[in-house]
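In what follows, a single structure is set out as structure tokens and then discussed.
Each value in this text was obtained by applying a stated rule to the coordinates, not by laboratory testing. The shown structure was predicted, so the numbers you read here are calculated from the model rather than taken from an experiment. Glycine also receives a Cβ, built like all others from the backbone with ideal geometry; neighbour counts cover every protein chain displayed.
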Amino acid sequence: MNAFLQAASALSRAWVRLYTARLPETLRNSRRAEMAADLWEHQHDRLASRTAAGITAIEIMLRTCLGVFDDLAWRFEVLRVIRRSSSNRGISMLRFTSRHTQWMGLAGLTGGLLWAIYLFSLMQRSRTDGMPAWGLIVPVVVAALLLTGLMGFLASYRERLGKKGAIGVSLLITSMASFFLANTVLGALPAGPGRNMFGVVLAIGFAILPIPAFILLGLALNGPARIGAFLVAVVGPLGMVLPFILAKIGLENPQWLRGDSPVNLTYGIYFILAAAWLVAAGYSTYRQALRPV
């Protein structure tokens, strides 16, 4: 099996294991069995139609990313129904323990820091340098850490986030997944219309989705978290025009501002501000888990 197809399948399995964690065994196993059946169908259809493994990997990743909100909505609906049942009140397995949430918060904090470091490293490179040797590994690790951190954030602040915040987190997860796919799978695809179309979809994902994601998070939260979310939503897009302003006034852009680096300032401000917010969210999740119940 192609390495990208294996990675896409592994990430899909990891996601379903994460959002079904600590649910009743019957529901958990049923949802995981559905994912296993879907992956088998993808593989069977690929072999029958002789579709390229890379295309199938993209389909699996897109389906996983686009289904994040529905998956999270399903989980919280299950929790809400069972908590309302008088015969199941107080079952601790339905919630993450404080120790679990602590580790999830630390995962999000670490993922945000690694993402910022990764972005800075890409901003110093030129496209002609190619991707570094670790360029395909770091995005996957960062994606797993940030996804875990966001699940912990949802678990800790689900009442405060409400529906708006949950949608914002789901959009943020999809946006980040688009960025990581653009830095891994996209670079390995052969040139052609399919690659170009997939690149446009990913560009829309990581350039547009953070705006409504952080606006919704800002509306759902209070205090510094709200200010930070609105800062990302407003300052991030404004940062996109900075290279054009510098060009107009005649200043020479350094390499990390030019368009020949894998990630220039056009997107760098966006993602570094988002990474800083995610670091703060991870730390907040960790601190929240330390408070006595």
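Based on the mean of other beta carbon atoms within 10 Å per residue, what is the order of 275-281, 114-120, 47-53, 219-225, most packed first?
Order by mean packing, descending: 275-281, 114-120, 219-225, 47-53.
How would you rank 57-65, 144-152, 22-30, highest first, on the average number of other Cβ atoms within 10 Å across their residues? Don't jump to the answer; show the numbers that get you there.
Details: 57-65: 20.8, 144-152: 24.2, 22-30: 13.4.
Going from most to least packed, we get 144-152, 57-65, 22-30.
Find out how many positive minus negative residues lie around ALA177, taking Lys and Arg as positive, Asp and Glu as negative, among other residues whose Cβ is under 14 Å from that of ALA177.
Details: positive: ARG63; negative: GLU59, ASP71.
After counting each charged neighbour, the total is -1.
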